Amino acid sequence: MNPPSTAIPLRHGTNPHQRASHAVPVAEDRMPIRVLNGEPSYINLLDALNAWQLVQEAARTLGRPAAASFKHVSPAGAALAGPLDAVTAELHGLTGTATGPLASAYLRARDADPKSSYGDLAAVSHPVDAELAELLGGLVCDGIVAPGYEPGTAARLARKKNGRFLVVEADPDYTPPVWEAREVHGLRLTQERDRTPVTAELLDGPDLPPQALEDVLLGLVTLRYTQSNSVCYVRGGQTLGIGAGQQSRVDCTRLAGAKTDTWWLRRHPAVRALAFRPEVRRQERINWRIRHLEGDLTPDEHTRLAAALTAPAGELTAADRRAWLARLTGVAFVSDGALPFRDNVDHAHRRGVTTIAEPGGSVRSAEVAAACADLGITLTRTSLRLFHH
């Protein structure tokens with residue numbers, strides 16, 4: 001049987017050795033997306049569809065443009081439009097310049113985990129403007145999904161990657177069917193689509209300050225489209241660390257916490273002071289800063305880092321790290337499922353967490369609440385599990 005005229009041809013399946021023919025709409029008269037350039041793979045479409053839902057819901061919920069950086073069907077970072085801090089601005093040569101809302105949202109999203117965002121699929125909640133198109137032209141990014149493109153921007157982006165850059169246009173007015181299905185090993189699994197709104201009315205606990213409330217809501221929306229188990233740390237309208245797809249929740253907490261530590265340590269004066277040679281590319285600088293702050297360079301890495309610098313790297317001692325990490329505060333910690341033990345709270349507290357949002361309902365929820373009280377953390381319960389598989 002021939003595919004409908006609205007079908008999207010796919011380059012290959014999950015892996016290149018798996019054949020894939022096309023993606024077809026559930027309702028043949030309405031497509032949720034259009035491919036304007038490039039030939040997507042199976043995973044490209046999964047990234048695009050999940051990323052678009054995240055940024056659309058975040059912008060609708062919080063009233064500001066939103067962006068996400070997706071890799072392997074989970075966000076490496078997500079953020080709302082907002083001011084760029086000095087580290088992010090300097091990295092992209094934007095010191096002393098104003099940055100528009102879409103560009104700022106995407107740079108803030110990408111800065112959560114810039115090592116992982118290398119070769120990402122970008123998503124933004126509003127039509128791509130010239131500023132964002134120019135910015136993407138200088139980044140290693142494999143594609144973008146957006147609800148539209150200002151004149152000339154789609155053509156400009158289509159020239160990336162020798163014409164293979166994926167440009168996807170999402171229909172902002174599309175409403176997916178109430179029921180969704182997937183096929184696994186000969187079985188078709190059907191369920192109602194998760195349509196519960198993420199709003200402040202979900203939260204059961206003390207009233208949160210405006211910034212903490214915004215961060216909690218952004219975290220909940222982000223985790224709705226993150227492979228479970230998942231948690232995230234959020235501050236100032238941007239994720240700092242996301243832990244996705246771990247079998248143990250505390251492993252998610254520690255993984256996301258380590259990414260949060262890295263985000264904050266990249267702002268340490270000794271890390272910012274690394275003086276790279278002009279020919280060292282942006283991504284290499286990012287990776288070297290991260291390796292330097294991690295403090296476990298191999299002998300070969302020591303040699304190569306020295307060759308990349310114009311002056312010796314300043315030392316970042318364990319005491320320096322502890323003192324700097326202790327300065328981070330005002331972080332929200334959000335979990336897609338109930339926290340089963342207080343160890344999650346203890347690890348979160350080490351990352352400057354002052355607000356925790358989780359569904360509750362664990363047999364040890366009272367212990368989790370007591371831990372929050374002991375550590376001066378505001379706890380809010382959502383009674384809403386947000387697993388995503």
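Read-outs throughout are calculated quantities, based only on the coordinates presented, and are distinct from any laboratory measurement. All of these numbers come straight from a predicted model, not from anything done at the bench. Using ideal geometry, Cβ is built from the backbone for each residue, glycine included, and neighbour counts are taken over all protein chains shown.
Counting Lys +1, Arg +1, Asp -1, Glu -1, what net charge surrounds Ala58 among other residues with beta carbon under 11 Å of its beta carbon?
Around Ala58, the charge tally is +1.
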key: Net dipole in debye of region 219-307 [+1 Lys, Arg Cβ; -1 Asp, Glu Cβ; about Cα centre; nearest 20]   = 380 debye
inquiry  = Report, to one decimal in Å, the Kirkwood hydrodynamic radius for region 285-356 based on all distinct Cα pairs.
reply    = 14.9 Å
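Within a 10 angstrom radius of the beta carbon, how do Phe341, Phe276, Phe333, Phe165 rank from fewest other beta carbons to most? Walk me through the intermediate numbers first.
On the way: Phe341 14, Phe276 17, Phe333 32, Phe165 20.
In order of increasing Cβ crowding within 10 Å: Phe341, Phe276, Phe165, Phe333.
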ask   = What are the extents of the Cα atoms of region 109-229 along their three principal axes, listed from largest to smallest and rounded to whole Å?
value = 49, 48, 31
query = For region 222-272, rounded, prolate or oblate, judged on the Cα gyration tensor with a ≥ b ≥ c (square roots of eigenvalues), a/c < 1.5 rounded, else prolate if a/b > b/c?
reply = oblate
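Using a 10 Å cut-off on Cβ atoms, rank the peptides 253-261, 107-115 from the highest mean neighbour count down. Mind dumping the intermediate values first?
Values: 253-261: 23.4, 107-115: 25.7.
Highest to lowest by the protection proxy: 107-115, 253-261.
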request  = Would you mind listing how long region 1-68 runs along its three principal axes, going by Cα atoms, in whole Å with the largest first?
outcome  = 44, 29, 19
Which of Ala78, Thr175, Thr317, positive extreme of dipole for the chain (C-beta unit charges) = Thr317
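Quick one: net charge of Thr153's neighbours, Cβ under 10 Å, K/R +1, D/E -1?
That works out to -3.
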ask   = Put a dot 7 Å past each Cα toward the Cβ at Thr303 and Leu36; how far apart are the dots in nm?
value = 4.8 nm
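For the pair Glu134 and Thr317, what calculated FRET efficiency results from E = 1/(1 + (r/R0)^6), where r is the Cβ-Cβ distance and R0 = 45 Å, to the nearest 0.05?
0.65
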message = Sorted from largest to smallest, which semi-axis lengths in Å does the alpha carbon gyration tensor of region 269-315 give for its equivalent ellipsoid, taking the root of 5 times each eigenvalue?
response = 14, 12, 11
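What's the Cα-based Rg to Rh of region 61-166, Rh via Kirkwood? Intermediate results must be reported in sequence, preceding the final value.
On the way: Rg = 12.7 Å, Rh = 13.6 Å.
So for region 61-166, dividing Rg by the Kirkwood Rh gives 0.93.
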key: Debye, to nearest 20: dipole size of region 257-389, +1 on Lys, Arg Cβ, -1 on Asp, Glu Cβ   = 460 debye
query = How are the C-alpha pair distances of the chain spread across 10 Å bins, as whole percents from the shortest bin up?
reply = 5, 22, 31, 26, 13, 3, 0
remark   = Over region 179-338, the quotient of the Cα radius of gyration and 2.2 N^0.38 Å is 1.34
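Considering only the other residues whose Cβ falls under 14 Å of the Cβ of Asp171, what net charge follows from Lys and Arg at +1 and Asp and Glu at -1? Provide the component values of the computation, followed by the final result.
Numbers: positive: Arg30, Arg34; negative: Asp29, Glu169, Asp173.
Net charge around Asp171: -1.
Do the sum for the chain: with -39,500 (n - 2.57) for every DSSP H run of n ≥ 4, divided by all residues, what is the mean residue ellipticity at 222 nm, to the nearest 500 deg cm²/dmol?
-10500 deg cm²/dmol
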query = Between Asp374 and Asp207, what is the spin-label point distance in nm, taking each point 7 Å from the Cα along the Cα→C-beta axis?
reply = 3.1 nm
query = Could you give the nm distance between label points at Asp296 and His72, where each point is 7 Å from its Cα heading toward the beta carbon?
reply = 1.8 nm
message = Restricting to lysines 8 or more places apart or on different chains, can you count the pairs in the chain with Cα atoms under 18 Å from each other?
response = 4
remark   = At q = 0.16, 0.23 Å⁻¹, the log10 of I(q)/I(0) for region 1-122 from a Debye sum over equal Cα scatterers comes to -0.84, -1.26
